[in-house]
Amino acid sequence: MVPLARKAYNEHYSDEKYAAFLANMDKNSPFPITFRIAETPLFIDNAFRDKLIAAGNDIVKVIMRPDFKQLTERAIPAEWRVANENDHPHFLALDFGICKDGKGTLVPKLIELQGFPSLFGFQSLLGEQYEESFEVPGKDWTVYFSGLNKEGYVDLLRRTIVGPHRPDEVVLMDVNTDEQKTNVDFYITQRYLGIGIVSLENLRQHGDKLYYEVDGEWKQIKRIYNRLIFDEIAGNAPLLAKVVDVRQPLDVEWITHPNWFYRISKYTMPFLKGTYVPKTWFLDKLEETPADLENYVLKPLFSFAGQGVIIDIAQNDIDAITDPENWILQQKVNYEPVIQAPDGGVKAEIRLLYLWPNGDERPTLAINLARLSRGKMIGVRYNQDFDWVGGTVAFMQK
């Protein structure tokens, strides 16, 4: 997207540099990284960066509406509603496809959004590693927004996750942490912030307090940096029978509270309007089926990582759905193959990542995550058999 930067990067790229780059990234975790990291970052110009910022601002305004909780009450499944919800999410992740408008100009188009943490530690280190391994053109590039540098970013991350507590009073929690595909991010975050890493199975409860074990000592948890998605444990009766029920009222702060995962999700899409948002309806509120159904997709509200999406739809697909209140019909976003790989164009998506510490009036756009794809769907799991695809980061001119 910045031709001179792309040309310079491709000319200096080599498979040997890429192999060394991957080896260096693997050093950041006791386990090998199992998701695909792309051979290249993105380079975006100021005009496209400003469109991303404007698109994000429009969405943040909706999330900050006084009636946002009221609008999204039904988004939270009754069986997964957690007590003691706070006033705002601590994280926002907004996914935009890179597309062309009717005039042939590159524009971002919203794909999905999450009120849930992403790879906040990993992306910072990933940007550094691209710079070191591939000599990203010049020093006037950054992966950060809002005037942040590495030091300011880590400080913002610390204020969001650790806050006023001691690092040993805060834990990153997920189910089976050692088995998570993204656990490299856990260890990078631990290195940046000094917090513990604990699996759901290893939490202990005494009264309304939670504890975790460190070097044979049980420490009280004041804050949970929550990475647990309930979809991963739904239906696992043996696991649920033996772990702490974190849905109950507990004397612990959630960063971010699990209810926000549902509130800020595909469920939010029909409430959003604007140049950078595709038309979206709750399926049960659809008054008339669009004549050009080939330009739409069906998405289940309560699934994650692209599961259950119906891409090529017909009227009989809509008629077959028995719970239309749990689906959305969304205008397709046609990605433009804007990234020039050695053997042709590659499609791209950029995720804007926001941090919202307690006490701040609004979220801060902090860093980004990008994904490259040659497959029918964006996402690492859908591009395992290709090269010049996978997770990456976008560099912007300072």
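For every residue, the table says whether it meets (1) closer than 21 Å to Gln114 by Cα; (2) surrounded by 14 or more Cβ atoms within 10 Å (Cβ to Cβ); (3) out of contact with any Pro (no Cβ under 7 Å at 6 or more places or on another chain).
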{"site": "Leu203", "(1), (2), (3)": "no, yes, yes"}
{"site": "Asp208", "(1), (2), (3)": "no, no, no"}
{"site": "Val214", "(1), (2), (3)": "no, no, yes"}
{"site": "Arg223", "(1), (2), (3)": "yes, yes, yes"}
{"site": "Glu232", "(1), (2), (3)": "yes, yes, yes"}
{"site": "Val243", "(1), (2), (3)": "no, yes, yes"}
{"site": "Phe261", "(1), (2), (3)": "yes, yes, yes"}
{"site": "Thr280", "(1), (2), (3)": "yes, yes, no"}
{"site": "Lys285", "(1), (2), (3)": "no, no, yes"}
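Taking the options Gln330, Gln384, name whichever one is more than 15 Å from the chain's Cα centre (by Cα), at negative phi and at pLDDT below 90.
None of the other options fit; the residue is Gln384.
Answer yes or no as to whether Ser124 is within 27 Å of Asn183 (Cα to Cα) and either touching a His at 6+ places or on another chain (Cβ under 9 Å) or surrounded by 19 or more Cβ atoms within 10 Å (Cβ to Cβ) (or both).
It is true that Ser124 is within 27 Å of Asn183 (Cα to Cα) and either touching a His at 6+ places or on another chain (Cβ under 9 Å) or surrounded by 19 or more Cβ atoms within 10 Å (Cβ to Cβ) (or both).
Hey, Lys7 hits all of (1) out of contact with any Pro (no Cβ under 6 Å at 6 or more places or on another chain); (2) closer than 23 Å to Leu355 by Cβ; (3) outside any loop (DSSP other than H, G, I, E, B); (4) among the charged types (D, E, K, R) but one; which does it fall short on?
Of everything listed in (1) out of contact with any Pro (no Cβ under 6 Å at 6 or more places or on another chain); (2) closer than 23 Å to Leu355 by Cβ; (3) outside any loop (DSSP other than H, G, I, E, B); (4) among the charged types (D, E, K, R), Lys7 misses just condition (2).
If the Cβ limit is 6 Å and pairs must be 6+ apart or interchain, which residue in region 261-279 that is among the small types (Gly, Ala, Ser) pairs with which residue that is surrounded by fewer than 23 Cβ atoms within 10 Å (Cβ to Cβ)?
Qualifying pairs under 6 Å: Gly274/Asp58.
Among the residues of region 329-379, how many are among the small types (Gly, Ala, Ser) and over 30 Å from Trp254 (Cα atoms)?
6
Residue-by-condition table, conditions (1) aromatic (Phe, Trp, Tyr); (2) under 21 Å from Asp245 (Cα atoms):
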position	(1), (2)
Val143	no, no
Ile161	no, no
Leu172	no, yes
Phe186	yes, no
Gly194	no, no
Ser199	no, yes
His206	no, yes
Leu210	no, yes
Gly216	no, no
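Table: residues versus (1) outside any helix (DSSP H, G or I); (2) modelled with pLDDT of 95 or more; (3) among the hydrophobic types (A, V, I, L, M, F, W, C); (4) in contact with a strand residue (DSSP E or B) (Cβ under 7 Å, 6 or more places away or on another chain).
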| site | (1), (2), (3), (4) |
| --- | --- |
| Trp218 | yes, yes, yes, yes |
| Ile224 | yes, yes, yes, yes |
| Ala234 | yes, no, yes, no |
| Pro249 | yes, yes, no, no |
| Lys273 | yes, no, no, no |
| Tyr276 | yes, yes, no, yes |
| Pro290 | yes, no, no, yes |
| Glu294 | no, no, no, no |
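Only one residue in Val136, Val143, Val170, Val162 is in contact with a helix residue (DSSP H, G or I) (Cβ under 6 Å, 6 or more places away or on another chain) and under 17 Å from Tyr225 (Cβ atoms), so which one is that?
Checking each option against the conditions leaves just Val162.
Filter region 127-145 down to the residues that are closer than 18 Å to Gly391 by Cβ and of a type in the set (Ser, Thr, Tyr), then identify the one that is surrounded by the most Cβ atoms within 10 Å (Cβ to Cβ).
That would be Tyr130.
If I filter region 21-52 down to residues being of a type in the set (Val, Ile, Thr) and assigned to a strand (DSSP E or B), which single residue comes out as surrounded by the most Cβ atoms within 10 Å (Cβ to Cβ)?
In this case the residue turns out to be Ile44.
Considering only region 253-270, I want to know if a residue exists there that is in a loop (DSSP other than H, G, I, E, B), more than 16 Å from Phe302 (Cβ to Cβ) and of a type in the set (Asp, Glu).
no
For region 292-323, how many residues meet the condition of being under 26 Å from the mean Cα position of the chain (by Cα) and farther than 17 Å from Ala234 by Cα?
10
Name, by its number, the condition in (1) buried (at least 18 other Cβ atoms within 10 Å of the Cβ); (2) outside any helix (DSSP H, G or I) that does not hold for Asp185.
(2)
(1) of a type in the set (Gly, Ala, Ser); (2) on the phi > 0 side of the Ramachandran plot; (3) buried (at least 18 other Cβ atoms within 10 Å of the Cβ): which one isn't true of Gly194, the others all being true?
(3)
In this structure, does Ala55 turn out to be part of a helix (DSSP H, G or I), out of contact with any Pro (no Cβ under 6 Å at 6 or more places or on another chain) and within 25 Å of Gly104 (Cβ to Cβ)?
Considered against the rule, which asks whether it is part of a helix (DSSP H, G or I), out of contact with any Pro (no Cβ under 6 Å at 6 or more places or on another chain) and within 25 Å of Gly104 (Cβ to Cβ), Ala55 comes out as no.
Within region 171-196, count every residue that is among the β-branched types (Val, Ile, Thr), within 15 Å of Arg158 (Cα to Cα) and either touching a strand residue (DSSP E or B) at 6+ places or on another chain (Cβ under 7 Å) or modelled with pLDDT under 95 (or both).
Summing the residues that are among the β-branched types (Val, Ile, Thr), within 15 Å of Arg158 (Cα to Cα) and either touching a strand residue (DSSP E or B) at 6+ places or on another chain (Cβ under 7 Å) or modelled with pLDDT under 95 (or both) in region 171-196 gives 3.
The values are calculated or read from the model by the stated rules, or taken from the named source; none is laboratory data. For clarity, every value in this text was computed on a predicted model and none was experimentally measured. Counting neighbours? That spans all protein chains shown, and the Cβs are built from the backbone with ideal geometry, glycine included.
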